[in-house]
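Everything below concerns the one structure shown next.
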Amino acid sequence: MQHFLEISQLTPAEISVLIQRALDFKQQFKLNQPLPQYPTYTMANLFYENSTRTRVSFELAAQRLEIQSVNLEIATSSAAKGETVLDTIQTLMAMGIQLFTIRHPEDGIVQNIADVIGDKACILNAGDGTHAHPSQALLDMMTIIETKPDVTQLKIVIVGDLKHSRVANSLQWICAQLGVKQLTLVAPDDWQPKHIHFGQVTAFFNESLHDADVIITLRVQRERFQTEDILDLSQYCRDYTLTPERLALAKPNAIVMHPGPINRDIEISSTVADGAQSVILQQVSNGVFMRMAMLASLVESAISASVKFV
Ligand code: CP
């Protein structure tokens with residue numbers, strides 16, 4: 001594999017291998033066992049949008065695999081002087097950097113960059129616009145499988161701002177690839193997606209929760225709202241905040257997830273976010289191991305193909 005761009009480019013077998021590798025890394029790390037080391041590789045984090053979890057976890061993942069890492073501070077880089085993303089990447093490639101994690105507000109830009117770069121470097125999509133967030137979907141599925149291994153028996157509910165959610169897009173693909181029994185996508189009418197790949201869309205949150213095994217709440221992404229997007233936050237909270245009363249409608253052992261960052265008491269009440277059924281911090285922790293699996297997989301592919309980077 002040359003790049004990680006979106007879940008749809010992975011086979012079910014490749015997804016399963018990545019999840020198992022991440023689980024193995026987690027176990028090895030816990031037991032203080034040696035991890036693979038790739039000290040001749042360097043990764044650059046290029047985040048043209050804010051991030052805490054994705055950026056830090058890619059950096060930590062690289063450190064744990066002895067991959068050198070650099071964080072480009074976009075605001076103080078030559079991007080502020082008008083340099084394109086592609087020119088920035090080619091500049092860093094000329095310095096010997098082979099791995100690039102890119103977050104950008106523009107849909108599809110990461111794929112476009114990968115098309116130009118070809119096999120001269122490895123590109124990892126850390127979230128592009130409203131399009132895709134593959135590492136998030138992989139770590140989410142890892143977290144689900146840790147608690148509920150047979151996903152073909154699961155009902156998963158995703159609730160929130162589906163219209164602007166790259167996380168929901170990538171989750172649809174991974175649920176389809178792994179044969180999740182039922183995926184229900186819940187949003188108010190104005191926030192429902194125009195196109196879906198997998199699952200059924202509804203505006204009725206309470207009804208959707210019956211028999212749910214997994215509830216994934218999504219952030220209200222105000223920064224992506226267009227002028228036509230209407231947000232009546234108090235109405236949204238009345239109908240869609242995951243409260244303890246609503247959680248009681250799901251299966252008693254249902255797990256609660258959120259990709260973060262959380263708007264507390266908007267998408268999810270603090271009681272639920274911090275409660276016994278929440279696996280939100282487990283998602284964060286798994287994010288490091290999943291990104292280790294992704295980086296190791298790209299480096300090992302390059303080694304076995306004897307790829308000569310620039
Ligand atoms: N879930 C997620 O992508 O979080 P960050 O924006 O903090 O990276």
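Observations
- The requirement of being surrounded by 14 or more Cβ atoms within 10 Å (Cβ to Cβ), more than 21 Å from the chain's Cα centre (by Cα) and of a type in the set (Phe, Trp, Tyr) is fulfilled nowhere in the range 214-229; no residue meets it.
- Every condition in (1) away from the ligand (no atom under 16 Å from the Cβ); (2) closer than 20 Å to residue 136 by Cβ; (3) in a loop (DSSP other than H, G, I, E, B); (4) among the charged types (D, E, K, R) holds for residue 66 except the one numbered (2).
- Selection within the range 248-282 - of a type in the set (S, T, N, Q), at pLDDT 95 or above and farther than 24 Å from residue 210 by Cβ: 270, 282
Per-residue answers, yes or no, for (1) within 19 Å of residue 156 (Cα to Cα); (2) within 23 Å of the chain's Cα centre (by Cα):
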residue: 170; (1), (2): yes, yes
residue: 176; (1), (2): yes, yes
residue: 207; (1), (2): yes, no
residue: 231; (1), (2): no, no
residue: 253; (1), (2): yes, no
residue: 264; (1), (2): no, yes
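- Filtered by the rule that a residue be more than 23 Å from residue 30 (Cβ to Cβ) and modelled with pLDDT of 95 or more, the range 283-310 gives a lone residue, 298.
- Filtered residue count, the range 28-44, keeping only those that are free of Cβ contacts under 8 Å to residues at least 24 places away in the same chain and either hydrophobic (A, V, I, L, M, F, W, C) or surrounded by 11 or more Cβ atoms within 10 Å (Cβ to Cβ) (or both): 3
- Only one entry of 126, 137, 114 meets the criterion of being small (Gly, Ala, Ser), within 16 Å of the ligand (Cβ to nearest atom), under 25 Å from residue 308 (Cα atoms) and at pLDDT 95 or above, and that entry is 126.
- Hits in the range 189-212 - residues which are buried (at least 19 other Cβ atoms within 10 Å of the Cβ) and closer than 19 Å to residue 245 by Cβ: 205, 208, 209, 212
The values are calculated or read from the model by the stated rules, or taken from the named source; none is laboratory data. Since we're looking at a predicted model, the values are computed, not measured. Positions of Cβ are backbone-derived with ideal geometry, glycine not excepted, and every protein chain shown enters the neighbour counts.
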